[in-house]
Every structure is written in structure tokens, then in C-alpha cells.
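Following: one structure in C-alpha cells, then a few remarks.
The values are calculated or read from the model by the stated rules, or taken from the named source; none is laboratory data. All of these numbers come straight from a predicted model, not from anything done at the bench. Here the Cβ is made from the backbone with ideal geometry for all residues, glycine too, and neighbour counts use every protein chain on show.
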Amino acid sequence: MTDRESTLLSGRVKRIEQLLGAHLPPPIPTPAPPLQESERAHLREAAEELYWNELEWEKLTGEERLDEEFLTELAFPGFLAFIRGLLLTVTMPDALAPPRPSPEVVQDILVFLAARIVELEEQAAASDQEDRLHREAELKMTDRLVDLVLYLLHQLDPDSVTQVEAALASG
């Protein structure tokens, strides 16, 4: 992870903490034994593929726009469901396997999203008008995804999310 990515993520956590007036709860602990690197890489790659597929679908259809703003939650339903699945701590009684939360993979995915934001910011200035509009839309959606994933990783309750969202909207 580069300094810019690290700064982006730590700054985002600090901003959410300031808006809440409290420290974020720590992510759920990683169960022992940790995932093998190949398993971790496979899950990270699956999340990245979901990101790219859902982003491309949104580019093709433009379905999740409201007054020129993107509804990121609706544009990335599979991606966000995948994140929730990585953080499951409870399964149905008849489940064939116990829950295996993987917050370390979610941290890896946040690094991917932060790297994408950095890349998009660097590319935005060098793009033509149409390409720049696509990059700016992708930047807004990816930026929003970072917040949504942080809410899930730190298990913010709906009231806390509403508080943060209201402060972000007014500020």
C-alpha cells in the first residue's frame, strides 16, 4: 500500500470518527487459523471482479442515476453483498459450515478501492471531455464505496450511518 492510499484510508476513518464524535469500533477479529494467502487472494480477486463488472454495467446502462448523482448502493449490490458475506459472524442453524469472517480480506479490498481512487485522480486531468466525465463518475462511486465498506467493516449501526451521512450531506 502506498502512502497516498494509506493516508486516504486513515483520513476517511478519522473523518467518520469526527462526525460520530467517537472512535470506530474495531473490525471483528480474524479467526484462527488465518486464511491461506491463495484463499485470501482468490477472495480479493473475486471482489475486484465484482467491482469491475458492476462498474461496467453501470456505464452501459446508467440505471442508478438520480439527478446526475449515482446511487452507489444500487450500482454495486453484488459487491456490497460480497463484503457482507466476508463479515458474517452468524449462519443459519442448518448451514453446512460455520461462519468464517474475513475482515483481513475486506481490508485488502479497501486498499484496492483506495488505489483505484488515487489512480482515477491522477488520470482525470489527462483525459478528454467524455473520458473525464466517466472517470469522475467512477471516482465518485468508488469514493462512496470506501465509506460503505468502512461502515460494514466497523459494523456501524443504522443510526450511526445516518448520523455520518447527514453530516456529510450538510457539510
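Numerical summary
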item: Index of the failed condition, SER38 passing every other in (1) under 19 Å from the mean Cα position of the chain (by Cα); (2) of a type in the set (Gly, Ala, Ser); (3) modelled with pLDDT of 90 or more; result: (1)
item: Residue in region 123-142 that is among the aliphatic types (A, V, I, L, M), within 16 Å of SER6 (Cα to Cα), within 21 Å of the chain's Cα centre (by Cα) and surrounded by 14 or more Cβ atoms within 10 Å (Cβ to Cβ) present; result: no
item: Residue that is touching a residue at least 12 places away in the same chain (Cβ under 8 Å), closer than 15 Å to VAL149 by Cβ and either of a type in the set (Val, Ile, Thr) or out of contact with any strand residue (DSSP E or B) (no Cβ under 8 Å at 6 or more places or on another chain) (or both), where the choices are GLY78, GLY85; result: GLY78
